[in-house]
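Quick note: the coordinates plus some simple rules give every number you see, no bench work behind them. What you see is a predicted model; the values in this text were computed from it and never measured. Positions of Cβ are backbone-derived with ideal geometry, glycine not excepted, and every protein chain shown enters the neighbour counts.
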Amino acid sequence: MAAKALISFNEISSSHPLFSNLDIAPDWDQIFPNKYPMKLEIGFGNGSFIIDMAMREPRTNFVGLDMYHKGIRKTITRAEKRLIENIHIVYGDARYRTQSAFKDATLEAIYINFPDPWPKKRHIKRRLITASFVETLSNKLTPSGELRIATDCETYARDMLTFLENSSLENKAGSFKFSECRENIPQSKYEKNYLKEGKKIYYLDYIKR
């Protein structure tokens with residue numbers, strides 16, 4: 001049987017029920033009328049992590065935020081094929097859309113898996129995780145909400161660790177420590193590949209008290 005063709009981005013952006021492209025917060029109560037908790041993945045790539053999470057936790061609403069057209073098309077096509085209803089995709093640059101799409105204290109968890117490290121010195125200003133963005137993420141979390149980040153780039157990991165340690169969030173591994181591993185959540189596509197290659201993964205797991 002031939003694989004289902006990806007829906008076009010034009011079709012998605014015009015009126016697809018699993019997609020929003022708004023400069024203001026969507027009506028989340030209308031999108032998710034079930035009152036379940038909401039979790040966010042920023043930069044979901046091909047959608048493997050958010051699809052797995054949505055299937056594992058059917059009584060949780062998952063939002064994916066990205067601006068990668070092909071990844072959005074793949075994720076929505078896969079969600080439709082699996083009849084997954086607890087997923088919604090928001091389009092845009094996370095540095096700005098995270099602030100506008102979510103009210104404060106509305107997200108039970110935020111996942112950021114392998115953000116682009118922009119390793120060249122002249123490109124560092126393009127990195128997603130900054131001190132100000134950490135503050136934004138903290139504001140969006142509910143009490144006891146979790147921020148979970150993974151990267152294979154040591155320099156970026158240590159910069160993020162500094163930002164996080166100077167925020168209002170609490171490090172679940174202990175002050176200025178990386179978590180050794182993760183439990184109860186699936187591995188992303190990049191994480192699986194990096195682990196197979198023997199690369200070290202730096203996990204930053206924080207909670208809002």
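The set of residues in the range 128-146 being in contact with a helix residue (DSSP H, G or I) (Cβ under 7 Å, 6 or more places away or on another chain) and of a type outside the set (A, V, I, L, M) consists of T130, F133, T136, K140. Looking only at residues in the range 190-209 that are of a type in the set (K, R) and under 19 Å from A157 (Cα atoms), which one is surrounded by the fewest Cβ atoms within 10 Å (Cβ to Cβ)? By that ranking, first place goes to K200. Here T75 fulfils each of the conditions (1) part of a helix (DSSP H, G or I); (2) hydroxyl-bearing (S, T, Y); (3) surrounded by fewer than 16 Cβ atoms within 10 Å (Cβ to Cβ) apart from (3).
Scanning the range 83-101 for residues that are in contact (Cβ under 8 Å) with a residue 24 or more places away in the chain, surrounded by fewer than 20 Cβ atoms within 10 Å (Cβ to Cβ) and of a type outside the set (G, A, S) yields I84, D93, R95, Q99.
Among the candidates E154, E183, E165, the residue that is touching a residue at least 40 places away in the same chain (Cβ under 8 Å) and of a type in the set (D, E) is uniquely E154.
Residue count for the range 103-115 under the criterion of being under 13 Å from the mean Cα position of the chain (by Cα) and not in a strand (DSSP E or B): the result is 2. Among the residues making up the range 25-68, those that are surrounded by fewer than 20 Cβ atoms within 10 Å (Cβ to Cβ), out of contact with any strand residue (DSSP E or B) (no Cβ under 6 Å at 6 or more places or on another chain) and not in a loop (DSSP other than H, G, I, E, B) are W28, D29, Q30, D52, M55, R56. Is it true that S8 is more than 17 Å from N86 (Cα to Cα) and among the hydroxyl-bearing types (S, T, Y)? Spelling it out, S8 is indeed more than 17 Å from N86 (Cα to Cα) and among the hydroxyl-bearing types (S, T, Y). F19: in contact with a Lys or Arg (Cβ under 9 Å, 6 or more places away or on another chain), in contact (Cβ under 8 Å) with a residue 40 or more places away in the chain, surrounded by 14 or more Cβ atoms within 10 Å (Cβ to Cβ) and aromatic (F, W, Y), yes or no? Taking the combined requirement at face value, the residue does not satisfy it. Among the listed residues M53, M67, M38, which satisfies the condition of being more than 25 Å from N184 (Cβ to Cβ) and touching an Asp or Glu at 6+ places or on another chain (Cβ under 8 Å)? When all the criteria are applied, what remains is M67.
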